[in-house]
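First comes the structure, then the notes that go with it.
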Amino acid sequence: MELGEASEALEGGDLRSKDMSKNTTLQATKREGSGTGVAKRLRRSGVVPGVVYGAQQDNYSIQLSSKDLSDLLHGSTTDNLLVNLQIEGAKEKDKMALIQAVQHDPLTGAIIHVDFHAVKAGEKINATVPLLLVGTAEGVQLGGLMDHQLHTIDVHCLPEHLPSQLEVDVTSLQIGEAAHVSDIVLPEGVEVPLDGDVVVALIQEIRAGKDTTAGEGDAGGEAGAEGALAGEGDGGGAGEKSDG
């Protein structure tokens, strides 16, 4: 989403967030085999190996459709999504879990493994969500440069309050001004451990490079030198004529 489009999507308020309390269901199967060979065979058949851990439970090795997982993550601003896992063959078939880590093939980009962290509805979780800038800053329109320094931020909240992203409206920022973590209006029940003085984004003044000025000076110097040489030539000619 472009900044301008995101700005139009907001109605009132400086900073907003989107929550993801509506969880997506993922179908999975308990995985018995392990090892590199098994994982390769699964991937060739369009299946991604994974693991579920946490919430005072036994760890489960699972497998799920590569297409289902890719479709879920496609277009999402973060991999830390909250899902309802339905695990065939497991003692606890229904689990609410946070996608904790997704591993990709460095060459193809295909998903090769996924970690799920099981969570409970009444227990707070830690997650990382994207921090997006919204709007076109007035300082940028006046010739300043937007420096987006903080792209993600850690949050602490109950699973049902987990936002998919936080958005910072930078429209009113002037050259030399900054938006800080303390400026973020957090959704109810969401906490940010990061210090409030940390800069999210700032507008920098664009200054003319010294090379241009130096070039102009050099050009002026060369012109002056050429003029002096020309003057010496003219003066010498006049003196010779006078002596004659």
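The values are calculated or read from the model by the stated rules, or taken from the named source; none is laboratory data. None of the values given here were measured: they were computed from a predicted structure. In this analysis, Cβ positions are derived from the backbone assuming ideal geometry, glycine residues included, and neighbour counts consider all displayed protein chains. We work out accessible area using only protein heavy atoms, side chains counted, and drop any ligands, DNA or RNA first. Shrake-Rupley method; radii C 1.70, N 1.55, O 1.52, S 1.80 Å.
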For the stretch 28-38, does any single residue satisfy the condition of being open to solvent by 30 Å² or more (accessible area, probe 1.4 Å) and under 31 Å from the mean Cα position of the chain (by Cα)?
no
Scanning the stretch 60-78 for residues that are within 20 Å of ALA127 (Cα to Cα) and at pLDDT below 85, which turns out surrounded by the fewest Cβ atoms within 10 Å (Cβ to Cβ)?
GLY75
With respect to the numbered conditions (1) farther than 16 Å from THR78 by Cβ; (2) in contact with a strand residue (DSSP E or B) (Cβ under 9 Å, 6 or more places away or on another chain), which one is the sole condition not fulfilled by VAL155?
(1)
Pairs under 9 Å by beta carbon, first residue without any contact (Cβ under 8 Å) to a residue 60 or more places away in the chain and open to solvent by 40 Å² or more (accessible area, probe 1.4 Å) in the stretch 105-127, partner part of a strand (DSSP E or B) and of a type in the set (Val, Ile, Thr), six or more apart or different chains?
ASP105/ILE111; ASP105/ILE112; ASN126/VAL155
Counting only residues that are under 26 Å from GLN56 (Cβ atoms), assigned to a loop (DSSP other than H, G, I, E, B) and among the acidic types (Asp, Glu), which one in the stretch 75-108 is nearest to the chain's Cα centre (by Cα)?
ASP79
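Take GLN86 and decide whether it is of a type outside the set (Val, Ile, Thr), open to solvent by 50 Å² or more (accessible area, probe 1.4 Å) and touching a residue at least 12 places away in the same chain (Cβ under 8 Å). Working first, answer last.
Details: of a type outside the set (Val, Ile, Thr): yes; open to solvent by 50 Å² or more (accessible area, probe 1.4 Å): yes; touching a residue at least 12 places away in the same chain (Cβ under 8 Å): yes.
Criteria met by GLN86.
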Being hydrophobic (A, V, I, L, M, F, W, C), in a strand (DSSP E or B) and within 24 Å of CYS157 (Cα to Cα), is that true of even one residue in the stretch 58-70?
no
Just need a number here: residues in the stretch 131-173 that are surrounded by fewer than 20 Cβ atoms within 10 Å (Cβ to Cβ) and small (Gly, Ala, Ser).
3
In the stretch 202-211, the residues that are open to solvent by less than 80 Å² (accessible area, probe 1.4 Å) and at pLDDT below 90:
GLY209
Scanning the stretch 133-148 residue by residue, the ones that are touching a residue at least 40 places away in the same chain (Cβ under 8 Å), over 16 Å from ASP183 (Cα atoms) and not hydroxyl-bearing (Ser, Thr, Tyr) total 7
Need pairs with beta-carbon distance below 7 Å; first residue under 15 Å from ARG41 (Cα atoms) and within the stretch 57-69, second modelled with pLDDT under 90 and in a loop (DSSP other than H, G, I, E, B); sequence gap 6+ or separate chains.
ILE62/ARG31; GLN63/ARG31; SER65/GLY46; SER66/GLY46
Of all residues in the stretch 184-201 being surrounded by fewer than 16 Cβ atoms within 10 Å (Cβ to Cβ) and closer than 16 Å to LEU133 by Cβ, which is farthest from the chain's Cα centre (by Cα)?
VAL185
